[in-house]
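The values are calculated or read from the model by the stated rules, or taken from the named source; none is laboratory data. Since the structure is predicted, the reported quantities are computational estimates derived from the model, not experimental observations. A quick note on method: Cβ atoms are made from the backbone with ideal geometry, for glycine too, and the neighbour counts reach across all protein chains shown.
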Protein chains: 2
Amino acid sequence: MQNDLFLKNVRPMGGPTADVFIRDGRIDRIGPDLAPAPSEVETIDGQNQLLIPGLVDGHMHLDKTFLGLPWVPHEAGPAILEKIETDKRVQRTMNLSVEDQVGKLIRLAISKGSTHIRSHVDIDPEIGLSRLEAVAAARETFTGAISIQLVAFPQSGVMRCPGTAALLEEALRAGADVIGGIDPAGIDQDAVGQLEAIFGIAERHGVGLDIHLHDPGELGAHQIGLIAERTRRHGLAGKVAISHAYCLGTMDDVQIGRAANLLAENGISIMTTGAAHSPVPPVQRLHDAGVQVFSGSDGVRDAWTPFGNADQLERAMLVAQRFNFRTDEGLRLAFHVATHGCAQALGLSDYGLDVGCAGDMVLLDGENVAEAVVTRPPRRLVVKGGRVVARDGTALV
Amino acid sequence: MQNDLFLKNVRPMGGPTADVFIRDGRIDRIGPDLAPAPSEVETIDGQNQLLIPGLVDGHMHLDKTFLGLPWVPHEAGPAILEKIETDKRVQRTMNLSVEDQVGKLIRLAISKGSTHIRSHVDIDPEIGLSRLEAVAAARETFTGAISIQLVAFPQSGVMRCPGTAALLEEALRAGADVIGGIDPAGIDQDAVGQLEAIFGIAERHGVGLDIHLHDPGELGAHQIGLIAERTRRHGLAGKVAISHAYCLGTMDDVQIGRAANLLAENGISIMTTGAAHSPVPPVQRLHDAGVQVFSGSDGVRDAWTPFGNADQLERAMLVAQRFNFRTDEGLRLAFHVATHGCAQALGLSDYGLDVGCAGDMVLLDGENVAEAVVTRPPRRLVVKGGRVVARDGTALV
């Protein structure tokens, strides 16, 4: 009965007090004054705290973290290519156990209330599928405690590293769920080449795509057009995401209107970290135009960035501050981006606090969702499929 | 002997293990393997944790916070004048005990390791000096636990609210230490009028100035010139600060070079929160030009903003993220802004971890300052003048 749980006296989304009965890992009943669960089911008194659906980290790099190690000073140069080369060099030198490192970061994410992660994992001819296999093995260890989607990520490019396309295809057999891409123009210097390769793989295997697009301004905008065209042509609407898409943050009013319509029409989601130092996609504008916007940690304490703590309520706060969202409506939008927005981008069909949804939820202090985004209190209880996986900020797995 | 303390096994600024003997509130000795203190002096084993000087919050609005109240949805309009009017209306309606509210925020600041605060306090003909008096009374309560500078702040303008200038002058007798100002052009529509008034008061009383300048672009830049001219003319170099100064964030290379020189020559400090949603003063550029840059919370959970938790390590993190400071050098600059930068702007002559400095310090987890900025761990011990004022994240006062 590990996946049955009766949570009484909780306030779903800050509304009136209710009880939740999770049976066999799914929400069986939710509402005020439910009849008590059978005596063999664990009952937890939520003491009228706020109940939210499990947080979703829509963009991690589980395989890169230095978490738990002595401090590693950041040394990557400012350009993307320098960061890629530094990352590879540092990873080579440190020669860490990827599986151990991944486990630390997954535990941290669980302790912060994430019940789902989408992680990109580096694939290239030098390391082959070794890191993907290590992350997939770590994922296995946490089965039932957190759901993890893996993106086969050609960090060093597809066209500039011959053999990568074949590895991406192979990665789907080794545990990858989604095909990645990176700056088809800026990194590969062959936008059409990379996109044809990765869209071809995605269509053949019926999987989604999640493409890193750092290329700025008109160069980025041009590639959004190329991606949209191929999304339509390959019938992948609803299965394609563009991560970062900084170029959407520097468009004029007419350009962003057109881009938003193009993305919405083709069911392309946009992932942002709400980065404070660079232009970022305009979350409210895209959301209003029907584009699914989602968020994630990106790197956590790795060769790319010293920052990050895997807390998706903090991410929602950072997104809110990036756009000066101060009203409850704005704070709820930031929360949406870190929860339902992610769930839709990741294709999670059973996400939420409704009957029939997976029993994935977080209990915490706070009057309502807006306050939770502002205060980011410790997670009192994290429940995954009806199983308590973290308590008072500590993962139990 | 409440102001004597022997802290052994600590790592000042992340360096080698040392001991610190605070006698009569000041650092008497600091170094490796000090002789034990007299037996009547409390000794605390720092267990090799990181020791940093007390954090400084260079810009608060202690009198406005809703901390500890049921959630207050944000409703202020986007313009500064709308925010001013909403703030006044909300404060009037809620009719809170300013002294009680201030106490909550001061305790929070102490728990986060702040040993000094500069707070602006609203002064206007409607409320007179009542809020200043309440904040000054609260300050009295916390004597010895935290140092607080009060800025008589003409939130509603000086020229547009006749009687305000006289109140500002009176405020110095009621406990204010510094004279404030606000958008001399944008709010008062009389830049010279407001500046002449507040510089005159400052010179007559030999006190400093801290002027809110939200006015953007060329309008803000123009007023920086007016402020610099008067700083020189009134002999107030080193005693004038400009808070926010968003206009410094939109200057071209030549303009910011000139402005930075002007600020440095006239000893004018710049306060930034590192706001993610707007242009902000370029911290590295100003610092390199010799301008003192400092940081602060600004509002904490008030009618102006739902955000804020008084944590100046988090502030340093936000400043670092705003400028993409990823190297240790960058993270140390962000830390400097929240510590020594503030101390210099506030004119604290006995600040730091050197012999003779005030015994104000914070003990926390972390290998070094860079890591502390990134992880913002709970403050294990906060010491003010040799007295332990917070432990494990909880204020003891």
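If you go through region A:251-279, how many residues are surrounded by fewer than 21 Cβ atoms within 10 Å (Cβ to Cβ), away from chain B (no Cβ under 14 Å) and at negative phi? Break it down into steps so the answer makes sense when it comes.
As a first pass, look at region A:251-279 and keep what is surrounded by fewer than 21 Cβ atoms within 10 Å (Cβ to Cβ): A:252-258, A:261-262, A:264-267, A:275, A:277-279.
After this cut, where a residue has to be away from chain B (no Cβ under 14 Å) as well, the list is A:252-258, A:261-262, A:264-267.
Those left that are additionally at negative phi: A:252-258, A:261-262, A:264-266.
The number of residues fulfilling the criteria is 12.
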Original post:
Which of (1) under 29 Å from A:Leu346 (Cβ atoms); (2) within 12 Å of chain B (Cβ to nearest Cβ) does A:Leu62 not meet, given it meets every other one?
Top reply: (2)
**OP:** Assess whether B:Pro70 counts as being part of a loop (DSSP other than H, G, I, E, B) and outside the structural domain of B:Asn9 (by TED's automatic domain parsing).
**Re:** yes
**OP:** Evaluate region B:281-294: report whether one residue or more is over 30 Å from B:Pro32 (Cβ atoms), surrounded by fewer than 22 Cβ atoms within 10 Å (Cβ to Cβ) and either in contact with a strand residue (DSSP E or B) (Cβ under 6 Å, 6 or more places away or on another chain) or within 11 Å of chain A (Cβ to nearest Cβ) (or both).
**Re:** yes
**OP:** Could you please find all residues in region A:79-136 being in contact (Cβ under 8 Å) with a residue 40 or more places away in the chain and among the polar types (S, T, N, Q)?
**Re:** A:Thr86, A:Gln91, A:Ser111, A:Ser114, A:Thr115, A:Ser119
Original post:
How many residues are surrounded by fewer than 22 Cβ atoms within 10 Å (Cβ to Cβ) and in contact (Cβ under 8 Å) with a residue 60 or more places away in the chain if we restrict to region B:13-26?
Top reply: 6
Original post:
Pick from region A:27-37 the residues that are surrounded by fewer than 11 Cβ atoms within 10 Å (Cβ to Cβ) and more than 18 Å from A:Asp354 (Cβ to Cβ): which of them is nearest to the chain's Cα centre (by Cα)?
Top reply: A:Asp33
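Would a scan of region A:335-352 turn up a residue that is aromatic (Phe, Trp, Tyr) and within 14 Å of chain B (Cβ to nearest Cβ)? So that I can check it myself, show each step before the final result.
First, pick out the residues of region A:335-352 that are aromatic (Phe, Trp, Tyr): A:335, A:351.
With the extra rule that they be within 14 Å of chain B (Cβ to nearest Cβ), the set shrinks to A:335.
Looking for residues that are aromatic (Phe, Trp, Tyr) and within 14 Å of chain B (Cβ to nearest Cβ), one finds at least one in region A:335-352, hence yes.
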Original post:
So which of A:Val373, A:Val382, A:Val389 ends up being among the aliphatic types (A, V, I, L, M), under 20 Å from the mean Cα position of the chain (by Cα) and either assigned to a helix (DSSP H, G or I) or within 14 Å of chain B (Cβ to nearest Cβ) (or both)?
Top reply: A:Val373
**OP:** Residue by residue through region B:298-338, note down the ones that are within 19 Å of B:His74 (Cα to Cα), of a type in the set (Phe, Trp, Tyr) and in contact (Cβ under 8 Å) with a residue 24 or more places away in the chain.
**Re:** B:Trp304
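Just a yes or no: is a residue in region B:108-117 more than 20 Å from B:Ala358 (Cα to Cα), in contact with an Asp or Glu (Cβ under 9 Å, 6 or more places away or on another chain), surrounded by 19 or more Cβ atoms within 10 Å (Cβ to Cβ) and modelled with pLDDT of 95 or more? Working first, answer last.
Restricting attention to region B:108-117, the residues satisfying the condition of being more than 20 Å from B:Ala358 (Cα to Cα) are B:108.
Imposing the further condition that a residue be in contact with an Asp or Glu (Cβ under 9 Å, 6 or more places away or on another chain) reduces the set to B:108.
Add one more test, that the residue is surrounded by 19 or more Cβ atoms within 10 Å (Cβ to Cβ), and what stays is B:108.
Right, trim to modelled with pLDDT of 95 or more and you get B:108.
Yes, because at least one residue in region B:108-117 is more than 20 Å from B:Ala358 (Cα to Cα), in contact with an Asp or Glu (Cβ under 9 Å, 6 or more places away or on another chain), surrounded by 19 or more Cβ atoms within 10 Å (Cβ to Cβ) and modelled with pLDDT of 95 or more.
Being within 13 Å of another protein chain (Cβ to nearest Cβ) and on the phi < 0 side of the Ramachandran plot: is that true of A:Met361 here? Step through it out loud before you land on a result.
Working: within 13 Å of another protein chain (Cβ to nearest Cβ): no; on the phi < 0 side of the Ramachandran plot: yes.
Taking the combined requirement at face value, the residue does not satisfy it.
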Subject >> Identity of the residue in region B:38-54, under 19 Å from B:Gly352 (Cα atoms) and touching a Phe, Trp or Tyr at 6+ places or on another chain (Cβ under 9 Å), that ends up surrounded by the fewest Cβ atoms within 10 Å (Cβ to Cβ) >> reply: B:Pro53
Original post:
If you go through region A:68-80, how many residues are more than 8 Å from chain B (Cβ to nearest Cβ), surrounded by 12 or more Cβ atoms within 10 Å (Cβ to Cβ) and under 27 Å from A:Tyr246 (Cα atoms)?
Top reply: 1
Subject >> Residue list for region B:100-115, filter: closer than 18 Å to B:Ala303 by Cβ and either out of contact with any strand residue (DSSP E or B) (no Cβ under 8 Å at 6 or more places or on another chain) or part of a loop (DSSP other than H, G, I, E, B) (or both) >> reply: B:Asp100, B:Gln101, B:Val102, B:Lys104
**OP:** State yes or no: is B:Glu82 in the same structural domain as B:Phe307 (by TED's automatic domain parsing), farther than 25 Å from A:Asp365 by Cβ, over 21 Å from the mean Cα position of the chain (by Cα) and not in a loop (DSSP other than H, G, I, E, B)?
**Re:** yes
Original post:
Consider A:Val102 against the criteria (1) surrounded by fewer than 24 Cβ atoms within 10 Å (Cβ to Cβ); (2) modelled with pLDDT of 95 or more: it satisfies all of them except one. Which criterion is unmet?
Top reply: (1)
Subject >> Failed item, numbered, when A:Thr93 is tested on (1) assigned to a helix (DSSP H, G or I); (2) hydroxyl-bearing (Ser, Thr, Tyr); (3) closer than 30 Å to A:Ile242 by Cβ >> reply: (3)
**OP:** Hey, could you check region B:310-328 for residues that are among the acidic types (Asp, Glu) and more than 9 Å from every other protein chain (Cβ to nearest Cβ) and say which is surrounded by the most Cβ atoms within 10 Å (Cβ to Cβ)?
**Re:** B:Asp311
